[in-house]
Amino acid sequence: MPASAPTFVSLGHYSAPKGRDAPPHRHAVWKVAVYLRGNIRTTVDGVEHQIRPGAVLVVPPQGAHAEYATTGYANRFLLVNAPDRWPWPTYIAPDSATALARVLADLADETATLPWGEPPGELADVLLRELDIRLRRFADPLPSKASAIVTAAERIMADRHQQRVTVAAVAAELGVSVSTLRAHFERVLGSSPQSRLRAIRLEHAITLLRTSDLTVESVAARSGYYSAAHLARQLREDRGRPPTAFRAGR
């Protein structure tokens, strides 16, 4: 195996009940997680992903990662040493991730009794190499049509979220149907365009709450919400906190 190839660090299991979020955090190494149950929302470096059982999420070293437990959930995660720019994707949909989930399960069995810090055996090395090969197959070094459309859609959403742009309007501007746009978002991000638009608006509102003295009404208007009450409802649903909580300690 080449010296720069991924090497095993540790493997674990995590579960949480509904409402117990994992706030933004970072790891010094790569994290590969397969979700075993639950339907939750995650972010990796500000990009939102809707997670269903069987999905695989890959977080690069020092990538900001959070999990929002809209339901109870559980995952199996692998921590791996590899170069920062290793060609792995961020999200793999459940219907495409069956083989990856199987490799992670086999790695869990193989390393279950491994003392902390002890290198894994030959079979674990083989499984890790298989995981690397399978993840590389999902990496897209050249932007696909789906990726290009999603990137363009996100740009429109970011530029016009104050104008209450709709998903239908974004699709029309890009010359695709709403159903096609949804399919591209699901393939590339694992979430819907409506979820991404909602996240962009919410992130903008939170930034204004934290960095400006604007009233909540003004923040709502500048972020594409119909009213302060509309913004407050979205914050409670997504973050479990009122607008005033984002101004505490300023």
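A few notes on this one:
- Charge dipole magnitude, Cβ of K and R +1, D and E -1 - the chain, Cα centre, debye nearest 20: 980 debye
- Full-stretch length increase - Thr113, Tyr226 - with 0.36 nm per residue and alpha-carbon distance subtracted: 35.1 nm
- Applying 1/(1 + (r/R0)^6) with R0 = 35 Å to the Cβ-Cβ distance of Arg137 and Glu237 gives a FRET efficiency near 0.45.
- Top positive-direction residue, dipole computed over segment 158-250 with Cβ charges, set Ala245, Leu208, Ala183: Ala245
- For a label point 7 Å along the Cα-to-beta-carbon line of Leu214, residues of segment 162-178 with backbone N under 11 Å: 162-163
- Per-pair calculated FRET efficiency, R0 = 22 Å: Ser192 and Arg26 via Cβ, rounded to 0.05: 0.25
- Mean Cα-pair separation over length for the chain, i.e. relative contact order, pairs under 8 Å, 6 or more apart, %: 17 percent
Quick note: the coordinates plus some simple rules give every number you see, no bench work behind them. Predicted model, so just to flag it, every value in this text is computed and none were measured. Note that each Cβ is placed from the backbone with ideal geometry, even for glycine, and that neighbours are counted across all protein chains shown.
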